[in-house]
Amino acid sequence: QFLRRQQVLQLYRKILRAIREVPAEQDRRYLKDWAREEFKRNKDATEEDAIRMMITQGNMQLQELQRTLKLAKS
């Protein structure tokens, strides 16, 4: 459970760091609020499989955001 918590916090930090790269202030604010809400909404989850699935989804969304940012820069 402790390791799972570390994974979730690490994912949250990575997402927030990626959001900082978004050029438009309004988009940054929207994405930050969205991420905060998603993590708050799921903070009481206890089922191991559900948590693992949410972490996987979060990582996929992070990768998509990073890909989009990389494309926008090029």
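The values are calculated or read from the model by the stated rules, or taken from the named source; none is laboratory data. For clarity, every value in this text was computed on a predicted model and none was experimentally measured. A quick note on method: Cβ atoms are made from the backbone with ideal geometry, for glycine too, and the neighbour counts reach across all protein chains shown. With ligands, DNA and RNA removed, areas are computed over all heavy atoms of the protein, side chains included. Shrake-Rupley method; radii C 1.70, N 1.55, O 1.52, S 1.80 Å.
For the reader, a short list of remarks on this structure follows.
- Spacing of the two label points (7 Å from each Cα toward its C-beta) at residue 17 and residue 61, in nm: 1.9 nm
- Taking segment 2-44 and a reference point 7 angstrom along Cα→Cβ of residue 72, the backbone N atoms nearer than 15 Å belong to 15-35.
- Per-residue ³J(HN,Hα) for segment 7-12, Karplus 6.51 cos²θ - 1.76 cosθ + 1.60, θ = phi - 60°, Hz, x for Gly and Pro: 4, 5, 5, 5, 5, 4
- Of all lysines in the structure, the ones whose alpha carbon falls short of 17 Å from that of residue 40, not counting any fewer than 8 places away in one chain, are 14, 32.
- Carbon plus sulfur fraction of accessible area for the chain, probe 1.4 Å, in percent: 51 percent
- When GluC sites (Glu not before Pro) are flagged only if DSSP places them in a loop and at most 16 other Cβ atoms lie within 10 Å, the longest unflagged stretch of the chain comes out as 48-74.
- Per residue, the chain exposes 84 Å² of accessible surface when a 1.4 Å probe is rolled over the protein heavy atoms with every protein chain present.
- R0 of 22 Å, Cβ-Cβ distance residue 53-residue 28: FRET efficiency to nearest 0.05: 0.20
- Added length on full extension, which subtracts the Cα-Cα distance from 0.36 nm per residue, residue 37 to residue 3: 10.0 nm
- Candidates 50, 24, 35, ranked by Gaussian network fluctuation over the chain, Cα under 10 Å, top entry: 24
- Across segment 41-49, rounded Karplus estimates of 3J(HN,Hα) from the backbone phi angles (6.51 cos²θ - 1.76 cosθ + 1.60, θ = phi - 60°) give 5, 9, 5, 8, 5, 10, 5, 4, 5 Hz, Gly and Pro being marked x.
- Cα shape, segment 21-74, gyration tensor, a/c 1.5 rule: oblate
- Across segment 59-74, coupling constants 3J(HN,Hα) worked out from phi with the 6.51/-1.76/1.60 Karplus curve, θ = phi - 60°, read 5, 5, 5, 4, 4, 5, 4, 5, 4, 4, 5, 5, 5, 5, 6, 8 Hz, and Gly and Pro carry x.
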